[in-house]
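Reading through the structure tokens given below for one structure.
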Ligand code: NAD
Ligand code: 89V
């Protein structure tokens, strides 16, 4: 494929602005139309980003005008929207969380696979520069076989003003933020099966949990801890940084504030600072997340054009969402849960 791929973006809400900026710098693709049930939102984004068409129904997928669709709506809408794209043979990139539970994720994957339509989950934390660099260090063997890891997202930012649906989401913290950490855990430490989890609902009036502590046992026998909280008061607020550490048989890596890595190997400590790319449309405190969006979307387009597998294909993402499901089951039962037994 050499021609520019034409895309439809569905869901002209809070985060879509970042995705539209990112599509404007993606090689080999362009968004030729946007869609939202709220016609005013669709019209406004079309005008702001110079996109030739807007629609207020996803049924426009039947037009044959699109080579891919970018679904940037909330998780309860994903099964129906992906099914519509699959019905019309349109490849999909769909935002996280893929779906509210593992059974819905599995239905979506089975439907797309039966039709042979490629689907990628837009899971962008692993596409942050700092985690691409950590993956490089791990691949170099510098710290040896992994034995332990911790990925920690703890802050008290007002996430609810931009994303008010999170106040009402019953499966909140693990599905909204924990899912990023669980994908990072698989990306960095490998697949896992045994899961233990405790959840907490700290902020008054929430429908779901706003803190969770998850323990994973990976197939390589490494242990990792994923802890997430929107009720942790630090000044200044470390949002949206993922902090932590990774230990191997020969060394370790600390993930510190300011996108700093401290690599401990061969008896010495090395400090690396990972800077986000300079863009005129990114801004604090979202820069680290925004910076990952062009990389994520370029990966989708490159893989779609070459026929290579997506790193976060819907099928591979089932392993991440099984860990999230196991975490909820563990929190409910107080027991260790095997994700593969779900
Ligand atoms: P939002 O509610 O601000 O926007 C969603 C939009 O989709 C709304 O305008 C709504 O009208 C529209 N919509 C819903 N159903 C539709 C349908 N059937 N057809 C057409 N339009 C429809 O949501 P948001 O905060 O932008 O989040 C969207 C998704 O992005 C969520 O799943 C969220 O978890 C995810 N998100 C990801 C990141 C990240 O990539 N790091 C950051 C923030 C949010
Ligand atoms: O990045 C995201 O997925 C957002 C956030 C974690 C910031 O709430 O939903």
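The values are calculated or read from the model by the stated rules, or taken from the named source; none is laboratory data. This is a predicted model, so every value here is computed, not measured. As a convention, Cβ positions derive from the backbone with ideal geometry for all residues, glycine included, and neighbour counts pool all protein chains shown.
For the reader, a short list of remarks on this structure follows.
- Strands (runs of 3 or more DSSP E) enclosed by segment 211-312 - at least 1 residues per element that are within 20 Å of the chain's Cα centre (by Cα): 211-218, 223-229, 243-248, 251-256
- Residue within segment 21-38 that is within 16 Å of ligand 2 (Cβ to nearest atom) and either at pLDDT below 95 or within 24 Å of the chain's Cα centre (by Cα) (or both) present: yes
- When 10, 31 are checked against the criterion of being crowded, with 23+ Cβ neighbours inside 10 Å, under 21 Å from residue 164 (Cβ atoms) and in contact with a helix residue (DSSP H, G or I) (Cβ under 7 Å, 6 or more places away or on another chain), 10 stands alone in meeting it.
- Residues located in segment 60-92, provided they are touching a residue at least 60 places away in the same chain (Cβ under 8 Å), under 21 Å from residue 301 (Cα atoms) and within 16 Å of ligand 2 (Cβ to nearest atom): 70, 71, 72, 73
- Test: residue in segment 119-136 that is over 22 Å from residue 218 (Cβ atoms), touching a residue at least 24 places away in the same chain (Cβ under 8 Å) and more than 16 Å from ligand 2 (Cβ to nearest atom): yes
- Checking each residue in segment 30-45 for being more than 9 Å from ligand 1 (Cβ to nearest atom), outside any strand (DSSP E or B) and farther than 14 Å from residue 17 by Cα picks out 39, 40.
- Considering segment 132-160, the residues that are out of contact with any strand residue (DSSP E or B) (no Cβ under 6 Å at 6 or more places or on another chain) and under 17 Å from residue 238 (Cα atoms) include one that is nearest to ligand 1 (Cβ to nearest atom), namely 159.
- Of all residue pairs spaced 6 or more apart or on separate chains, those with beta-carbon atoms under 6 Å, a first member in segment 143-161 that is free of Cβ contacts under 8 Å to residues at least 40 places away in the same chain and a second member that is surrounded by fewer than 20 Cβ atoms within 10 Å (Cβ to Cβ) and not in a loop (DSSP other than H, G, I, E, B) are 160/167.
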